[in-house]
Every structure is written in structure tokens, then in C-alpha cells.
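Below is one structure; the comments refer to it alone.
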Amino acid sequence: MIQFVLSRLAQSTVVLLIMSFTIYGLMGLMPGDPIDLMITSDPKITTEDAARLRELYGLNAPLTDRYWHWLTNALKGDFGFSRMFSRPVFDVIWPALGNTLQLLGLSFLLALVIAIPLGIIAAVKPYSKLDYAINLFVFAGISVPPFWLALLLITLFSVIFGILPAGGTAEAAGVAGVWESAKYLILPVASLTIASIGGHTRYMRASMIETLGNDFIRTARAKGLSWYQVITGHALRNALIPVVTVVALDFGYLFSGALVTETIFAYPGMGKLIFDAIMGNDYNLALITLLLATALTLFGNFAADIAYTWLDPRLSFRKTRR
Amino acid sequence: MSMRVAQPSHLVWQRLCRHQMAVVSGAVLLCLVILSGGAPLWITLLELDGQSVDLFNRFQPASAQHPLGTDELGRDLLARLLEGGRVSLFVGLVAAFFASLIGTLIGITSGYFGGRLDAILMRITDGIISLPMLPLLIVLAAIDLSKLGLPDAIVNSENASLFRIATIVALAGWTTVARLVRAETLALRERDYVRASHAQGASSVRIMRVHILPNLAASIIVATTLSTGHIILLESVLSFLGLGIQPPVASWGNLLTNAQELIWEAPRLAFYPGALIFISVIAFNFLGDGLRDALDPKSATPQK
Amino acid sequence: MHLIKRLLFLSFALLLMPVPALGASKEKLVIGITQFPSTFHPNIDAMAAKSYIHAMVARPFTTHDKNWNLVCLLCTQLPTIENGMAKPEKTPEGKDGIAVTYAIHPKATWGDGVPVSTKDVLFTWRVGRHEKSGIGNIELYRSLYKIDVLSDKSFTLHFDKLTFDYNGINDFNLLPAHIDEANFSDPETYKNKTAYDTDPLNKGLFFGPYLITDIASGSHVILKPNPTWYGPPPKFDQIVVRAIGNTAALEANLLSGGIDMIAGELGLTIDQAISFEKRHRDKYNVIFKPGLIYEHIDLNLENPLLADVRVRRALVHAIDRETISERLFDGRQPVAHTSVNPLDWVFADDVPKYEFSPDKANALLDEAGWNTRKRGIRHNAQGEKLTFEIMTTAGNRTRELVQQILQSQWKSVGIEITIKNEPARVFFGQTMTERRYSGLGMYAWMSSPENVPRTTLHSNHIPTTANNFTGQNYTAFKNAEMDALLERIETELDKTKRLEMWRRIQHIYAEELPVIPLYFRASAFVLPKGLTGVEPTGHQYSTTLWIENWDYQK
């Protein structure tokens, strides 16, 4: 077990290191640099100003030097300043991270809460009308372009019905703010959930169908147990195994995939931050946020593997059985 | 994990036909492919014009001359949709095909030869899987091609964005197929007839080509179908971010993006591309689903 | 089941609770903009979003008002040579300079009670002059070589050049010495330590009608009236500025009541605003103000095909700018004939104008030797094709629309145009600055009232590898008379003489056509009926500089 954890840790570090260099390199391939952006917004900046600013921000050094400089600092714990926001990188990230965790956490949980029962129901009676209905509903969710869905929700609930805000975050703080924040979260969460239910339901369904085809299930049914007892008692645990892997992988995707939702709902989260950082050529911020996203996915995989072994008694990292 | 063995094709067809949604989807997709693939043909036949700008006919409603009306520049909407479909479906299918190609090559090599090669390839694959897909695509879509040393003629061509999108999506998407193929190759490698062939002195390439590959065909087809739908959606998201297919080349994605601001003025400009994306993606999903059920001998049969 | 029923009931109740304060009122005004400021420091990084908000919490000494006249905001009287408060003098090096005396408003006080004084002036000057402080444009600080402190509230500035705009220090935004001086002890780290970003809610940073009381990074900023403000008290108890990047969502927020108005400085696109006005004119006032954003097409004069002025004139004759303005922009964006805006007092209307005439275009092209047609496109006797590439910023829908219209119009006179767009950072960062565009480059210049186009038209300012790409004369325009005029005009203080020079400049511009003028972009201010006092200026200084005049009546 310890060996597994350590080897995973080592692997993850290598991936993160390679990732950091690749991103730095790729961003270097992006045309223009941060100062060019300043020029577009300020008509009075002269080319002398631009040269001076480039010197100031150290943009004249070759890419490999800059990367090395960044790496050595990062390993010491100094992640540098975001050029765009003129603040330490993590000061910029914390609020966005908090917002994203709220958004993703809620939609992730909601998606699971809906998808697992739906998948089970569909699996119990495959190819029935109910199954088709669920499939249709679920496929519809994953087939619709996300910004179309978001605008549709806004038009319906904010403009036409006027019961929910169309975007942004709550103004009030404290207790009153909690209620208000909830209202601001409803549409974005709905938008994200609809998009992710599809995959989870399908996996649950497929996995459950396979599990239900096993002999021990037939035996249990033959013994007179109801579907409910069979599923919760025997099938669920087995069926959840592959689902856990997939779901854990998805968690990492959600992180940056919420970009479209955040843009339309003007919700200041990590997705939008990553995009702005990349497009704004803010190396420090882009690198850290991307590495965070990668680390999260790696962690998701790791957690999935651990859960996998915990759920399936046939696999174990320890020599003795539990 | 179920193993798939090549099924006699008539059996597969029978099972597929039982899957109503898959059949319907297949038919719908066929229609879409014919309509958009032959877009230039239909456009000339119907005498539509998706290119010329006509400032005096902006936002016209449906009429005999313009079956779906005109867009914000007076161009015929139906023609734009057909041309857009050609681009979107092309990108989807080509990218999915190449992603599967790369994935298959890597997966089969990894699974068959095993050992060190397998370990390296799989570490690379795992590495790429852990990367956040969308930001990576954003970075790749934004880099300057001429900095890479590509000749100017390619960089400046009108279709540059098309090939760029197809390439980066393929580069990012081969991992699922690779893993799938590897897993199945590992199992197939142990089959008796493969062992026998090896004992007889057949070369690795021959074994892979003759014995393993055909048995993989089913899963690869399913995976490709499913990923095509996903890619079409991805293209629309990239267009939303301004990094997708660039106008004036039309794609469903960029038609939809341009119509965002117009949803109150001319909702049909947003409705049609959105609906077409929706229908084609859902059709690809259902078809892939049906194919998977049809090609897997162990999948569930209707129960009471 | 019981639990589920309870949950359902609770969610219904939640939904039925009213959405916070719909509609404008004297208690709260919610303004929608399309970007969130990345930094709040007034002199680092000129972002429109930041200037918009900054104008609510502080004031510059001078600015241009809605009639484009220079006025005093923080100063008490505008110094001029005529009233004696500005005196031309010689600098220590013997150049012509000027000494300008200002007095700070006697009641100007920072939000924490400390009076605004000349200490702040000196501090701001020190920051501006330091090379490594991170200030973007330092020309103002460079030419200001000495400051005489006359009292706590008055001072004299000594400039090392004498130009006609000697008394306009619009961009001299005061920084509070008592707060930020400590952070400037190590100038190189100042931009990361400044209180504007590390302690942005500090009252001592503001002396305007409002204070920033809350910042939700990336989402909104909340402002409340500042008790130390020296002007008429502002009418709104609370102002919320919300940043919504997607313009479709911005409109949705307005319609659903999430925001009350949309700022024209950074809000809806022009066609979106035109469409909105048609649908909602009963509930909203939409003010279109054409401004100093000059949309045009640079022509690369080093392209041999464009070197012939007849070809350039033909290009302009072939396009129907009037109809584009009429149809696409509802006539709200007036066609431009030179880079000088009609609202500018130096505007000359009698310049050569190129009306839409494909016949004239064809005639000019034939005359220039492009008289063979192959598949509709003109070729010359050497077999060269008349083809150009037009570039602009990708993702700008309006520009893309215009490009496609122009492409089609040029095709009908036999000119082939290929469209190639790039993200703004590439376009401005490399393509234009290094003159890598081969034919046509479409973009906009932002300028200010009576802005002398020296860097864009003088032959010394052509960016080349030799001068490390300094200068903004992207067309590579070389005209001796224009050069001479540009050199003399800045120092010409006599208004009549200057007017004549401006006339000449505009004439040369229109005759030689280094640039195809398109139109002056308009900003659309979407205001609820009953909101008064918002007066669009047409230049880059925001309407919020007069926010104490805004009022709401049902």
C-alpha cells in the first residue's frame, strides 16, 4: 500500500514537472506577449514605454531561462505575482477556487444523486419504454451545446419568468448572503448538472446491467429477494466499481470544463481564470492554475484507484485480506 | 470486462435493428451527411447563395427565395447551414478517425509487445489523460503556427483553422481508444489461435494485422462513433471562445456563436444551428450505443 | 417520502423569494460593464473598466467635458497664458518650456480625513518618473522636470516642451502619499505592494463622491457615498458595478432586472444596441454617441500594388460606406473622411471625399493598368493578380461582418480579397507593430481631442528593424509637407494658424489616402427611463467623472 502511494506520488510529480515545462513552452509559442496587451488598451503607450516595460517584467530573457527561474522559485514556495492582477498568484486563485468548488461540488453531487438511481432503474428494465425515456433524456443533456443551454435557461428563468438572477454573485455578506448566493448558484449548477448526468447515468446503467447478468444475482432473485434488496445488498457495490473510476476522472474535467458556464453566468471561477490567464499571457497565473487542474485530475485518478480496491474485495494492495 | 469476438455480420445487423433509436439515428445521420456532404450540389440546385452579402435583405423571414430566411448579412441561411454542416461533420469525422488511428496503433503495440514498451507508452498515455483537456486545447488553438516553422502558404490559407482544429482534437483524443485497444489486445494475445500462429513463426505484424485487429474493429468503431459527437460539441465550444473555425468559413459552431446576441432579434439564427448540432450529436450517441449493444454478445437481452 | 416533500416545499419557497431589488431607485443603481478591472491602481495599466470605476472615487486635475473643452475638476482655475497662470520659459538646457501653476480644490480630502495636498502631487510625480515603478505611459512625467511647491494646496509644474495642450494634465492621477509612500520604499516592488491592490478598500485611497466598500474579484464592486467629498452630494446611496463578459448575457441581465443600466464605455456592441433600442424603446433610453474611436483600414504602402494612389482611391470608391453605416449601424456611426472627428473644433469638412461609385473605381483601375480580367479578377500586363489580404482582430463580430461586406464589394470591381484574422494580442503585438501585414489592416485608433497624428503619419515614426520597431506609422507614409506640418503644429499656440495647419493635414490625408477611413464608432448607453444626468462625452474620459449629477426620478 505504502509502496503504491509512493510510486503514484513519484509518477504524479514527474507528470506535473513535464506539464509545467510544456505549458511554458506552448505559451511561449503564443504570439505576442503581455506588454502587447497593454498597448492595445492604452493609446498613449509609446514603443519606448513598451521596451521599458518588457525589461521590467523580465520578458526579454530567453524562455528556458525564465522557466528555470520560475521553477527554482516555485520549489522554494514562491509562486510569483500575477502580472495581470499585480498580486501574488495564490491571492488571485483562492477566491476563484472557492467559487468553483461551490459550483462544482454542488453540481457533482447533484449529478451523482440523480444519475445513480436513474442508471439503476434503466438497468433493471433494459430496452423498456422507461429505459428509452431515460436514455433519451440523458443523451439530450450531453448533446446540447453548453452555452446554448445556459442562454436558454437564462432566457427562460430570468428574462421570461423573472424568478432567478441571470448571473453574477451575491452582493450581501454573512447570513443574508447565504440565501442570496443560493439563488445565484441555481442556474449555473443546473446547467452543469444537465451536461454531466448523461455520462454518469450511462456508465451506471451499463455497469449495473453487467452485474445483474451474473449468476449470484439470479440466485438471489431465485431465493425470493425483491429487486430493491438484491440491488442494495449485492449488486450496487459491484456495479459501482467501474463507475467510480469514470466519475473520478470526470471530476478533473469539470474543473476546467466549467469555463463556458462561468463565462455566460459571469461567475468568477477557476475556468474563467485559466482562460483569462492563458489569453492574457500571464505566465505565472496560467501555470499555477493549470498545474492545479492537473494535480486535481491526478488526485482524482488516485482516489479512484484507492476506492476501486476498497470496493472490490478481490483486489487488494495488502497481502492479507481485510 | 467482456471480451469481444467478431460476430457474424448478419447477427450483428439483426441485433442492431432491434435497437430502434440506433436505426433512426443512423438514418438521420445518413441524411445529414448526404445533405451537407453534397452542400455545393444542393446549393446550386436550389439556386441559393451563402456567400454574397446583401445589406438590403438582412434578417429576412422564410420565403420562396430563401427557404429559411437570411442572416445578419443577407446571406441565405439554408445555404450557410448546409456549408456549416459540411465543415462540422468533416471536422468531427476526420478528427475522430485520426484519434482512433493513433490510439489503435499505440494501444495495439503496447498491448502486444508488453514489457518496457508497454510501460513507457502507458505512462505517456496516463500523463496525457491527466491533463485538463479544455485549457490544453485553448493553448494549442492559440499558438502561432508560423512560430513552429510552418510555411506561410498553409498558415494563411482560409482552411487553416479547420485543419488546426482537427489536428489538435485528434492529438488530445487518442487516449481513450489507446487504453481500450490495449486492454483488449492483452486479452486477445493469450488466445489459442494467436499462440498457435506465433508458434508457427508468423511475424508480430502479421499476427496483429490478421488476428488481433479484426477483433478490435468492433470496439474501435463504437469508440469512433461516440467520439465524433463529442468532437462536434468541442468545436462549438472552441468557436464560442473565439478559437474555433474562423469566419467567413461557416461551421455550425461559429454560426451558433454569432447568433448569441441575436436571440431576441432573430431567434431562428440561433435555433437552427443549435438544433442541428443537438440532433447530430445525439444521433451519434445513440448510434454508437446501438452498435455497442449489437456487437457485444454478452449485452442484456430484454427481460421480463 | 416525508423528507422529499419537505425538500420540495423548501425549494419552492426559496424560488418564490423575491430577487434582490429589481429596478433602479435612489437607494441603489446597478451598472453593467463587460470587463472587471484587473488592478485598481490608476496609473498602472490603462483599462477602461478601471478608469470607469476610478472616476467615481477620485478626480483628475483637468479633463475634457462633453463639449470637448478642457475644464478643471480638481483644480480651481484652468491656467492659461492669457490669465497669466502659465508662463513660457526656457528650460535649463535652453529648450522652450512652460511653467504652469495649479491650485488644488481647498476642500479636497482623502476618505480618511487627510487633506489632498501637494505632498500627493510630489509623490505621484516621483512614482511616475521612476523607470521601474510599472507605470505604462511616462511621457507626461518625463517632460515634467521640476515641481515648485507654493503651499499645501498650490504648485507650479515645469515642462520641457511648449505645446498647445500645455495645461491639460488629464492623466495625472493623484496617489495618496500618506498611504502609498511606505510601499514605494523599494520602487521595484511597488507595483506588487501598492495599497490599491493589497488594501483596496482603504478609505484613504479615495477623495471622490464615492468610496469602494466591497470588491468581489471578477464579479462586482460596491460603492457608497464618501462623506469627505467636496462637490454636490451624490444622489444614489449605493452603486454596484457588475462585470458580465458575454454581451448576450449582459442584455439578459438588463431585461431580468439584474442590472439597471449598461455603460456605453464598455457595454453592448453597436448592432446589439440598435436591435435592443427597437424592441425596448418604451422602457429604456438608448443614447448613441459617436466618439473618438476611429475605425479604419491601414494600407501597407510598401506593397507595390498599393503604391499607386489610383488603386487606393479605387478601393475607396468601390465600397459603399454610407450604406454600411445606414444598414448595419442604423446611421449611428458617421462615415469618416479623415482621422479627425467631426466633433473636434479643428475638423475640416471640405476635404476630397470618395463617394460610392463602382464606375469611378473601375475607371481608375483600368487607368492604372489593371485591365485584363481572368475569372473576374483583374490582372495587369505583367500577369500579376490584383489581390490583397485584409486582416483584423478575430472574434470581433462587427469587424468580421464589415470585412465580409467589403470583400464582396471589392470583388465586384475585380479585386480579390482574402480574409485573415488574428487574436488582438498577435495583431497589435506583432503584425501591425512589425508591419507584417501585406495589404490591408482594419482596426481602430483611440485618440483624444485635438490629438496630433505625429506617430502615425510622420516618416520618422515608421517602425523598422533598424529603429527596433518604434513608432506607429504602420502604413509607411512618407510625405515631406505632412512631416513639416506635424513638426510645427504641436508648438503653434495661435489658434487661427493652427486651424489652417490642421486643414492642410486633413487635405493631404484625404488626397494621398494612406488609410481608408471607415467611420467613428459609437458607444451605446442603455439607461432606464427616469435616469438623468448621464452625459456621454464621445472621448475616452468616462461619464462617471460627473456621477454626482446623476439622478433618478420615477
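The values are calculated or read from the model by the stated rules, or taken from the named source; none is laboratory data. What you see is a predicted model, and the numbers here were worked out from it, not measured in a lab. Don't worry about glycine lacking a Cβ; one is built from the backbone with ideal geometry, like all the others, and counts go over all protein chains shown.
Here B:P267 meets the list (1) within 14 Å of chain C (Cβ to nearest Cβ); (2) in contact with a helix residue (DSSP H, G or I) (Cβ under 8 Å, 6 or more places away or on another chain); (3) not aromatic (F, W, Y) almost entirely, failing just condition (2). If you check A:A258, A:A266 for being at pLDDT 80 or above, at the interface with another protein chain (Cβ under 10 Å from one of its Cβ atoms) and within 22 Å of A:A115 (Cα to Cα), only one passes: A:A258.
Looking at segment B:53-63, which of its residues are part of a loop (DSSP other than H, G, I, E, B) and farther than 16 Å from C:E400 by Cβ? Matches in segment B:53-63: B:D54, B:F59, B:Q60, B:P61, B:A62, B:S63.
Restricting attention to segment C:198-245, the residues that are facing chain A (nearest Cβ under 9 Å) and of a type in the set (A, V, I, L, M) add up to 5. Restrict the check to segment B:46-58 and report whether at least one residue is aliphatic (A, V, I, L, M) and within 14 Å of chain C (Cβ to nearest Cβ). Yes, the conditions are met somewhere in segment B:46-58. Listed by first and then second residue, the pairs linking a residue in segment A:155-178 that is among the hydroxyl-bearing types (S, T, Y) to a residue that is at pLDDT below 80, with Cβ atoms under 9 Å apart and 6 or more places separating them unless they lie on different chains, are A:S158/C:V19.
Of all residues in segment C:129-146, those that are at positive phi have Cβ atoms under 7 Å from Cβ atoms of residues that are of a type outside the set (S, T, N, Q) and in a loop (DSSP other than H, G, I, E, B), 6 or more apart or on another chain, in C:G134/C:I44. Scanning segment A:120-143 for residues that are closer than 16 Å to B:H230 by Cβ and surrounded by fewer than 21 Cβ atoms within 10 Å (Cβ to Cβ) gives A:A140, A:G141. Taken together, C:E367, C:E434, C:E389, C:E384 contain a single residue that is of a type in the set (D, E), in contact with a Phe, Trp or Tyr (Cβ under 8 Å, 6 or more places away or on another chain), farther than 24 Å from B:R58 by Cβ and away from chain A (no Cβ under 14 Å), which is C:E389. Considering (1) crowded, with 19+ Cβ neighbours inside 10 Å; (2) of a type outside the set (D, E, K, R); (3) over 19 Å from A:T47 (Cβ atoms), the lone condition that C:L499 does not fulfil carries the number (1).
Could you grab me the full set of residues in segment A:111-133 that are of a type in the set (V, I, T) and within 12 Å of chain B (Cβ to nearest Cβ)? Of everything in segment A:111-133, just one residue is of a type in the set (V, I, T) and within 12 Å of chain B (Cβ to nearest Cβ), namely A:V124.
Residues that are among the charged types (D, E, K, R) and within 14 Å of chain A (Cβ to nearest Cβ) within segment C:139-153 comprise C:E139, C:R142, listed in sequence order.
C:R321 meets all of the listed conditions (1) surrounded by 20 or more Cβ atoms within 10 Å (Cβ to Cβ); (2) touching a helix residue (DSSP H, G or I) at 6+ places or on another chain (Cβ under 8 Å) but one, namely (2). In the set (1) modelled with pLDDT of 85 or more; (2) more than 18 Å from the chain's Cα centre (by Cα); (3) buried (at least 17 other Cβ atoms within 10 Å of the Cβ), A:L106 fails one condition alone, (2). Looking across segment C:451-466, the residues that are assigned to a loop (DSSP other than H, G, I, E, B) and either touching a helix residue (DSSP H, G or I) at 6+ places or on another chain (Cβ under 8 Å) or not small (G, A, S) (or both) come down to C:N451, C:V452, C:P453, C:H458, C:I462, C:P463, C:T464, C:T465.
Within segment C:419-433, the set of residues being at pLDDT 80 or above and under 18 Å from C:F388 (Cα atoms) comprises C:I419, C:K420, C:N421, C:F427, C:T431, C:M432.
Kindly establish whether C:A46 is away from chain A (no Cβ under 11 Å), in contact with an Asp or Glu (Cβ under 8 Å, 6 or more places away or on another chain) and modelled with pLDDT of 65 or more. Give the derivation first.
On the way: away from chain A (no Cβ under 11 Å): no; in contact with an Asp or Glu (Cβ under 8 Å, 6 or more places away or on another chain): yes; modelled with pLDDT of 65 or more: yes.
So C:A46 fails the test.
Residues that are more than 8 Å from chain C (Cβ to nearest Cβ) and either surrounded by fewer than 23 Cβ atoms within 10 Å (Cβ to Cβ) or over 24 Å from the mean Cα position of the chain (by Cα) (or both) within segment A:171-185 comprise A:G174, A:V175, A:A176, A:G177, A:V178, A:S181, A:L185, listed in sequence order.
Residues considered: C:T470, C:T455. Of these, the only one that is without any contact (Cβ under 8 Å) to a residue 12 or more places away in the chain, buried (at least 16 other Cβ atoms within 10 Å of the Cβ) and not charged (D, E, K, R) is C:T470. Restricting attention to segment C:86-100, does a residue exist that is assigned to a helix (DSSP H, G or I), in contact with a Leu (Cβ under 6 Å, 6 or more places away or on another chain) and surrounded by 20 or more Cβ atoms within 10 Å (Cβ to Cβ)? Taking every residue of segment C:86-100 in turn, none turns out to be assigned to a helix (DSSP H, G or I), in contact with a Leu (Cβ under 6 Å, 6 or more places away or on another chain) and surrounded by 20 or more Cβ atoms within 10 Å (Cβ to Cβ).
In segment C:473-484, which residues are surrounded by 20 or more Cβ atoms within 10 Å (Cβ to Cβ) and part of a helix (DSSP H, G or I)? Matches in segment C:473-484: C:M482 only.
In the set C:L122, C:L140, C:L74, only one residue is touching an Asp or Glu at 6+ places or on another chain (Cβ under 8 Å) and either under 28 Å from C:M56 (Cα atoms) or buried (at least 21 other Cβ atoms within 10 Å of the Cβ) (or both); that residue is C:L140.
Quick one: which residue in B:E261, B:E265 is at pLDDT below 85 and surrounded by fewer than 20 Cβ atoms within 10 Å (Cβ to Cβ)?
Numbers: B:E261 fails: surrounded by fewer than 20 Cβ atoms within 10 Å (Cβ to Cβ).
None of the others qualify; the one that does is B:E265.
Hey, among C:T398, C:T387, which residue is under 30 Å from the mean Cα position of the chain (by Cα), within 19 Å of C:M442 (Cβ to Cβ) and either surrounded by fewer than 19 Cβ atoms within 10 Å (Cβ to Cβ) or modelled with pLDDT under 90 (or both)? Show your work before the answer.
Working: C:T387 fails: under 30 Å from the mean Cα position of the chain (by Cα).
When all the criteria are applied, what remains is C:T398.
Every condition in (1) surrounded by 15 or more Cβ atoms within 10 Å (Cβ to Cβ); (2) over 27 Å from C:K193 (Cα atoms); (3) at the interface with another protein chain (Cβ under 8 Å from one of its Cβ atoms) is met by A:L56 except one, and the failing one is (2). Going through (1) surrounded by fewer than 22 Cβ atoms within 10 Å (Cβ to Cβ); (2) at pLDDT below 90; (3) not basic (K, R) one by one, C:G218 falls short only on (1). Among the residues making up segment C:259-282, those that are within 13 Å of chain A (Cβ to nearest Cβ) and in contact with a Ser or Thr (Cβ under 7 Å, 6 or more places away or on another chain) are C:E265, C:L266.
The residues listed here are A:L104, A:L26, A:L97, A:L63; of these, the one that is in contact (Cβ under 8 Å) with a residue 40 or more places away in the chain and away from chain C (no Cβ under 14 Å) is A:L104. A single member of C:F428, C:F469 is in contact with an Asp or Glu (Cβ under 7 Å, 6 or more places away or on another chain), within 14 Å of another protein chain (Cβ to nearest Cβ), among the hydrophobic types (A, V, I, L, M, F, W, C) and assigned to a loop (DSSP other than H, G, I, E, B), and it is C:F469.
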